[in-house]
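Colleague: Encoded as structure tokens, here's the structure I'll be asking about.
What follows is calculated from the coordinates using simple rules that are stated; it is not laboratory data. A quick note: this is a predicted structure, and the numbers were derived from the prediction, not measured. No Cβ is skipped: glycine too gets one built from the backbone with ideal geometry, and neighbour counts run over all protein chains shown.
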Amino acid sequence: MKPAIMVTRAIFPEVLSRLEEYFEVDSNQDDIIFTPSELASRLKGKAGALATASARINAELLQQLPGLKMVASMAVGYDNIDVAACTAHGVMASNTPEVLNETTADFGWALLMATARRVTESEHWLRAGHWTKWRYDYFLGPDVHGSTLGIIGMGRIGQAIARRSMGFDMKVVYHNRSRLSAEQEAHANHAQYVSKEDLLRQSDHVVLVLPYSPASRHTIAEAELNLMKPTATLVNLARGGIVDDAALIAALRSKRIAAAGLDVFENEPKFNPDFLTLQNVVLTPHIASASEATRRAMANRAADNLIAGLTGGRPGDLLNP
Ligand code: DGY
């Protein structure tokens, strides 16, 4: 008999068909957002789950699921998974690194450009019928080319963002848990390792791509925003909670910094409604990895991990130590 699995959210139909070759599949193609107790009851009796970053996989859930052997998440970030609890319950956990690096870096640039050059703000103004003449000072913003780019979190996505900055003749400074090798720094547009404080003081554009953990919560809060240039922009591609959203709203409102571009929010998909009252912020709904090809690659990579883990192999992206 095939092992039973649950696909916790809607997914590409061809990935579902692939999984059906190996497993009895219970899927949530209606894309209902389960409460933790609904998720637990749907996962009862299942050997595996293909989940997304919206599912909380923690000790409370795992202790209700003695038959569960593996959770394959379709995301690179895995702050929603308590890996230690998975290990303690004998549950394999996996993520989907690598396949989204370039697409996410592209989107980082889209947000940076839109934020600095006021793309969405000016489009909303145009659509609202305000455009009656050209003026020398409409929608002035900071330059991107020739400026200093600060990247906090210099993993694979951060390095891909840095590489793209070569075409813009930018200086790159970065802050990371550990310093890159000289060769990696050279490939990342000769990025210079600096303290977080120096990065915030020097950068014209700051991009956040670090993983979320209790230690990285509020990496950018009031004190950090106060170190930034008043002309600077901030882009958060990483996870909600890395920025203190209330402090950012205050900084944007008082023009303490020029603008922000946000793809992730504290408590998403709910977010602080005060963002909607500000013109100097670009808001997108957690879509940095959302190219057709990349989302398919992520889904297939999660499926590969699950198939490997539940058929006696070792998932390529196993997170348990
Ligand atoms: C990721 O892969 O971590 C993206 O943010 C999607 O959740």
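Colleague: Can you tell me the Rg and the Dmax, both Å, for the Cα atoms in segment 89-152?
Modeller: Using the Cα atoms of segment 89-152, the pair Rg, Dmax is 19.1, 66 Å.
Colleague: Here is a follow-up. Per-residue ellipticity at 222 nm for the chain, helices alone: DSSP H runs ≥ 4 residues times -39500 (n - 2.57), over residue total, nearest 500 deg cm²/dmol?
Modeller: -9500 deg cm²/dmol
Colleague: Here is a follow-up. Going by how many other beta carbons lie within 10 Å of each one, how would you line up F34, F23, F265, fewest first?
Modeller: Details: F34 17, F23 23, F265 20.
In order of increasing Cβ crowding within 10 Å: F34, F265, F23.
Colleague: Can you tally the net charge around E21? Count Lys and Arg as +1, Asp and Glu as -1, for every other residue whose Cβ sits under 14 Å from the Cβ of E21. Please list the in-between numbers first.
Modeller: Values: positive: K2, R18; negative: E14, E20, E24, D304.
With Lys, Arg at +1 and Asp, Glu at -1, the neighbours total -2.
Colleague: Further, regarding this structure: Would you list R256, R135 from fewest to most Cβ contacts within 10 Å? Mind dumping the intermediate values first?
Modeller: Working: R256 17, R135 8.
With the fewest neighbours first, R256, R135 line up as R135, R256.
Colleague: Any chance you could list the semi-axes, whole Å, largest first, of the equivalent ellipsoid that the Cα gyration tensor gives for the chain, using √(5λ)?
Modeller: 38, 22, 18
Colleague: Would you work out which of I287, Y193, V15 lies farthest towards the positive end of the dipole of the chain? Charges go on Cβ: Lys and Arg +1, Asp and Glu -1.
Modeller: Y193
Colleague: Grab the eigenvalues of the alpha-carbon gyration tensor for segment 165-321, scale each by 5, take roots, and send me the semi-axes largest first in whole angstrom.
Modeller: Details: eigenvalues 190, 96, 45 Å².
The equivalent ellipsoid of segment 165-321 has semi-axes of 31, 22, 15 Å.
Colleague: Can you put D79, D198 in order of Cβ neighbours within 10 angstrom, beginning with the fewest?
Modeller: In increasing order of surrounding Cβ atoms, one gets D198, D79.
Colleague: Moving on. Please give the FRET efficiency for A128 paired with N267, using the beta carbon to beta carbon distance and R0 = 35 Å, rounded to the nearest 0.05. Walk me through the numbers on the way to the answer.
Modeller: Working: r = 29 Å, r/R0 = 0.83.
That gives a FRET efficiency of 0.75.
Colleague: Run the quick spin-label model on D106 and S181: label points 7 Å from Cα toward the beta carbon, then report their separation in nm to one decimal.
Modeller: Computed distance between label sites D106 and S181 equals 2.9 nm.
Colleague: Please report, in debye to the nearest 20, how large the charge dipole of the chain is about its Cα centre when each Lys and Arg carries +1 at its beta carbon and each Asp and Glu carries -1 there.
Modeller: Here the size comes out at about 280 debye.
Colleague: Using DSSP, restrict attention to beta bridges with both residues in the chain and report what percent are antiparallel, rounded to the nearest 5.
Modeller: Antiparallel: roughly 5 percent of the beta bridges in the chain.
Colleague: List nothing, just return the count: lysine pairs in the chain, 8 or more apart or interchain, with Cα separation under 27 Å.
Modeller: 13
Colleague: Follow-up. What does the convex hull of the Cα atoms come to per residue for segment 115-227, in Å³?
Modeller: 137
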